[in-house]
Amino acid sequence: MLVWEGGRRSALAWGKRVAFGVGEGGVRGCVGARGHACPLGARVPARSTGARCEECARLDRAHSVAADTVADDPRPYRVYLAWFGPGMAKVGITAVERGSARLLEQGAVCFSWLGTGPLMAARRTEELLRAALRVPDRIAYADKRAARASLPATAEERAAETAELHARAVALSGWPESLGREPFRPVDHVGVFGLTGVRAAVGEVAELVAAGVVSGELVAAAGPDLHLLTERGVVVLDTRLLPGWGLVPAGGRQLTVPVRALRERAGARAQDGLF
């Protein structure tokens, strides 16, 4: 689902053509913070996934659990273990009321809950597990995209690494008493994301540009990424590149924005640009 300024929504379905362009002379402006327009009317870089100037980004994070500026949130939280591909797992927290929305937003291929409790207990557990399991709290989207090209074929194989990490996690001492541990129940998102049998992506949109057009058939979607079948093959569009632009309908079938090669997995040889 794409949500446009003013509240209009565009439903996305497999096989639907996604087509839009940037007007002639268009520039990307800061989207502001917390429902307010940017007081500076600042421009932001086309390749930024934040769409905010430094001042608005600071204001937007001023009351944020992710930025550790909220310590008195009374809602219960869950600690989760998310997996994005071989050797790519992370721990994190999310409010219980959000269900699995946070995992879908991040493009987690497989995940399992680890425990539930108050915010600060969940945060302490997150830090404990990150250190003990030697897993990060963030994984770059470029690495997630690269991993989607070589995912194991079955849900059981995709859950294997998560199962091993979960077993190590619940066996650790030092968990806060107020955080209850949860059994391993893997949730697989390959079907939800439409990744079964999808052709590997050949590149990703690097940025939008004035008078540029994006056009392609939606074949998969994971987190903010739309996998579009274009005249060049499957190209990934990170929808976080869209906010701040004035977009217009496009009727053509060409892709006329810069596209770069997907990053190879860590340790692999760097590629030259494809386009």
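Taking the criterion of being modelled with pLDDT of 85 or more, under 27 Å from residue 187 (Cβ atoms) and surrounded by 13 or more Cβ atoms within 10 Å (Cβ to Cβ), would at least one residue in the range 52-72 satisfy it?
no
Provide a single number: the residues in the range 13-35 that are open to solvent by 60 Å² or more (accessible area, probe 1.4 Å) and at pLDDT 90 or above. If you could, list the steps in order and put the result at the bottom.
The initial filter retains those residues of the range 13-35 that are open to solvent by 60 Å² or more (accessible area, probe 1.4 Å), namely 14, 16-17, 24-25, 27, 31, 34-35.
Next cut, at pLDDT 90 or above only: 14, 16-17, 27, 31.
Looking only at that region, the number is 5.
From the set of residues in the range 201-255 that are small (Gly, Ala, Ser) and under 10 Å from residue 21 (Cα atoms), which is most open to solvent (accessible area, probe 1.4 Å)?
That would be 251.
Which of the residues that make up the range 75-125 are touching a residue at least 24 places away in the same chain (Cβ under 8 Å), surrounded by fewer than 23 Cβ atoms within 10 Å (Cβ to Cβ) and in a loop (DSSP other than H, G, I, E, B)?
Residues satisfying the conditions are 75, 76, 86, 87, 100, 107, 118.
Please determine whether any residue of the range 131-141 is surrounded by 23 or more Cβ atoms within 10 Å (Cβ to Cβ), touching a helix residue (DSSP H, G or I) at 6+ places or on another chain (Cβ under 7 Å) and under 30 Å from residue 191 (Cα atoms).
There is no residue in the range 131-141 that is surrounded by 23 or more Cβ atoms within 10 Å (Cβ to Cβ), touching a helix residue (DSSP H, G or I) at 6+ places or on another chain (Cβ under 7 Å) and under 30 Å from residue 191 (Cα atoms).
Listed here are the residues, each with its yes/no results for (1) out of contact with any strand residue (DSSP E or B) (no Cβ under 9 Å at 6 or more places or on another chain); (2) modelled with pLDDT of 95 or more.
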| residue | (1), (2) |
| --- | --- |
| 185 | no, yes |
| 189 | no, yes |
| 206 | no, yes |
| 209 | no, yes |
| 225 | no, yes |
| 232 | no, no |
| 238 | no, yes |
| 248 | no, no |
| 268 | yes, no |
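Residues are listed down the side, and each one gets a yes or a no for (1) hydroxyl-bearing (Ser, Thr, Tyr); (2) out of contact with any Pro (no Cβ under 9 Å at 6 or more places or on another chain):
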| site | (1), (2) |
| --- | --- |
| 94 | yes, yes |
| 103 | no, yes |
| 122 | no, no |
| 128 | no, no |
| 140 | no, yes |
| 146 | no, yes |
| 152 | no, no |
| 171 | no, yes |
| 174 | no, yes |
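The values are calculated or read from the model by the stated rules, or taken from the named source; none is laboratory data. As the structure is a computational prediction, the values presented were derived from the model and not from experiment. Virtual Cβ from ideal backbone geometry, glycine too; neighbours counted across all protein chains shown. Heads up: the accessible areas ignore ligands, DNA and RNA and are worked out on the full protein's heavy atoms, side chains in. Shrake-Rupley method; radii C 1.70, N 1.55, O 1.52, S 1.80 Å.
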